[in-house]
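**Q** Below are the structure tokens for one structure; questions will follow.
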Amino acid sequence: QPDTTNHLISYLPPEIMSEMFIHCLPTKRSGLDSFNFAEAPFLLSRVCSRWRQIVLSTPELWKELEIDLASRTKQA
């Protein structure tokens, strides 16, 4: 009998998934560290197409995103 415990999360409604994803966000940081593709929400969006859709449609995941363009320009 196959182990289906890893797939139970696929049955959760998007609203529940959104709440879970919000709790995955890193603590607030400043500067370039706040734009990290190895952390939520970017990392969550790469798991599968369903997760990407949920991540992109959850504004709460993006409201704390900081992009320090001045620092990036100075480093170039």
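**Q** Out of the residues in the range 1-33 that are closer than 28 Å to ALA70 by Cα and in a loop (DSSP other than H, G, I, E, B), state the one that is modelled with the lowest pLDDT.
**A** Within the range 1-33, the match that is modelled with the lowest pLDDT is SER30.
**Q** Filter the range 34-55 down to the residues that are open to solvent by 50 Å² or more (accessible area, probe 1.4 Å) and assigned to a helix (DSSP H, G or I), then identify the one that is farthest from PRO13 (Cα to Cα).
**A** Filtering the range 34-55 for residues that are open to solvent by 50 Å² or more (accessible area, probe 1.4 Å) and assigned to a helix (DSSP H, G or I), the one farthest from PRO13 (Cα to Cα) comes out as ARG46.
**Q** For the range 56-76, what are the residues that are part of a helix (DSSP H, G or I) and either within 15 Å of THR27 (Cα to Cα) or at pLDDT below 95 (or both)?
**A** Once the filter is applied, which keeps residues that are part of a helix (DSSP H, G or I) and either within 15 Å of THR27 (Cα to Cα) or at pLDDT below 95 (or both), the range 56-76 yields GLU60, LEU61, LEU69, ALA70, SER71, ARG72, THR73, LYS74, GLN75.
The values are calculated or read from the model by the stated rules, or taken from the named source; none is laboratory data. Since the structure is predicted, the reported quantities are computational estimates derived from the model, not experimental observations. Ligands, DNA and RNA are excluded from the accessible area calculation, which covers all protein heavy atoms including side chains. Shrake-Rupley method; radii C 1.70, N 1.55, O 1.52, S 1.80 Å.
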